[in-house]
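Following: one structure in structure tokens, then a few remarks.
The values are calculated or read from the model by the stated rules, or taken from the named source; none is laboratory data. None of these values were measured; they are calculated from a predicted model. Backbone-built Cβ (ideal geometry, glycine too); neighbour counts: all protein chains shown.
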Amino acid sequence: MRITTWLDSDLQDLAELHADPVTMRFIGHGRPETVDEARSRLLEYRSEQGQRGWTKWRVEDNDGGMIGRAGFGECDAGRELAYALRPGHWNRGLATEIAEALVRWHLEHLPTDPASSCLCAYVEVGNDASVRVLQKVGFTFVDRRSYKCVPCDFFQLSAPSGTRAVDGNFLVDPFDPNVVPIRIRDSARNPDRGGTPQDVADAGAGSPTP
Ligand SMILES: CC(C)(COP(=O)(O)OP(=O)(O)OC[C@H]1O[C@@H](n2cnc3c(N)ncnc32)[C@H](O)[C@@H]1OP(=O)(O)O)[C@@H](O)C(=O)NCCC(=O)NCCS
């Protein structure tokens with residue numbers, strides 16, 4: 001499994017993911033999106049990657065087949081963890097593995113401003129599988145609040161064992177040998193997926209079984 005930046009040619013994959021009502025049930029306005037909306041997303045992802053070096057990335061298997069997308073949006077105090085996988089890949093532990101990789105990436109690429117170094121997540125009320133993923137990778141429920149006019153449970157990365165505090169926020173120690181190992185590779189090894197030098201995370205897992 002790999003996490004990579006986007007090519008224009010990924011539009012169809014992204015459009016299919018966002019056109020699926022099952023996948024979209026707890027995302028955005030809870031409805032399938034059009035190809036034009038997916039095109040806007042793709043442009044946004046590519047622009048964010050170019051400007052700040054992180055976005056919601058493409059997740060693919062070792063053969064290049066798209067599994068879903070995962071990465072970060074912006075929130076008040078830092079980054080917001082986000083993921084969406086094609087339903088055929090659910091319940092195999094993949095989102096958990098991806099989320100672990102992203103937590104590690106976040107910790108290894110903390111913003112220089114400590115006030116922006118939080119990692120949070122919003123989950124629409126009822127999306128219990130997503131809550132479970134967050135719990136498994138060390139997030140803690142904070143409160144219930146409205147997010148983009150939708151009732152959501154708000155989570156923040158908290159302090160599993162062997163952690164350190166950064167300006168009041170407890171974070172996983174990225175150098176803890178017990179954390180699932182993740183290789184970080186740069187665009188020099190993946191030049192067609194980024195116009196500027198960027199890191200992309202390689203979750204280091206094998207191909208998902210069909
Ligand atoms: C949420 C999502 C990413 C989870 O992906 P996944 O690969 O199936 O997640 P994992 O297999 O790593 O873990 C799922 C966990 O939730 C549990 N789970 C699954 N469905 C559940 C449900 N309806 N209620 C409670 N728990 C559930 C699984 O048993 C598993 O927990 P376990 O390991 O303790 O058994 C996937 O369902 C998805 O892409 N949904 C659509 C997009 C979305 O909602 N994204 C999140 C927006 S906040």
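Does LEU11 satisfy being surrounded by 15 or more Cβ atoms within 10 Å (Cβ to Cβ) and under 26 Å from LYS136 (Cα atoms)? Spell out how you get there, then give the answer.
Working: surrounded by 15 or more Cβ atoms within 10 Å (Cβ to Cβ): yes; under 26 Å from LYS136 (Cα atoms): no.
No: the conditions fail for LEU11.
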Worksheet item: Would you pick out the residues in region 1-22 that are farther than 25 Å from ALA129 by Cβ and among the acidic types (Asp, Glu)?
Response: ASP8
Worksheet item: Which condition does SER117 not pass, out of (1) at pLDDT below 90; (2) within 26 Å of GLN12 (Cα to Cα), if it passes all the others?
Response: (2)
Practice prompt. Considering (1) surrounded by fewer than 17 Cβ atoms within 10 Å (Cβ to Cβ); (2) touching a residue at least 12 places away in the same chain (Cβ under 8 Å); (3) acidic (Asp, Glu), say which one GLU74 fails and leave the rest.
Written response: (2)
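Identify the residue in region 143-161 that is outside any strand (DSSP E or B) and not hydroxyl-bearing (Ser, Thr, Tyr) and, among all such residues, is modelled with the lowest pLDDT. Quick ask: steps written out before the conclusion?
Looking only at region 143-161, we keep the residues that are outside any strand (DSSP E or B), and these are 148-149, 158-161.
Now restrict to residues that are not hydroxyl-bearing (Ser, Thr, Tyr): 148-149, 159-160.
On the way: LYS148: 86, CYS149: 89, ALA159: 50, PRO160: 43.
Applying the filter and picking the extreme gives PRO160.
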Worksheet, complete the sentence: Of the conditions (1) within 13 Å of the chain's Cα centre (by Cα); (2) assigned to a loop (DSSP other than H, G, I, E, B), the single one that LEU110 does not satisfy is (1)
Worksheet item: If you check HIS29, HIS89, which single one turns out to be surrounded by 14 or more Cβ atoms within 10 Å (Cβ to Cβ) and over 21 Å from HIS109 (Cβ atoms)?
Response: HIS89
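Pick from ALA101, ALA77: which is away from the ligand (no atom under 16 Å from the Cβ), aliphatic (A, V, I, L, M) and within 20 Å of LEU157 (Cβ to Cβ)?
Working: ALA101 fails: away from the ligand (no atom under 16 Å from the Cβ).
Of ALA101, ALA77, the one residue that is away from the ligand (no atom under 16 Å from the Cβ), aliphatic (A, V, I, L, M) and within 20 Å of LEU157 (Cβ to Cβ) is ALA77.
Considering only residues of region 116-140 that are assigned to a strand (DSSP E or B) and within 13 Å of the ligand (Cβ to nearest atom), which is surrounded by the fewest Cβ atoms within 10 Å (Cβ to Cβ)?
Ranking the qualifying residues of region 116-140, first place goes to GLU124.
Would you check which residues across region 81-97 are more than 8 Å from the ligand (Cβ to nearest atom) and in contact with a Phe, Trp or Tyr (Cβ under 6 Å, 6 or more places away or on another chain) and list them? Even if it seems obvious, please write down each step before you answer.
Initially, region 81-97 is screened for residues more than 8 Å from the ligand (Cβ to nearest atom), giving 81, 88.
Residues satisfying the conditions do not exist here.
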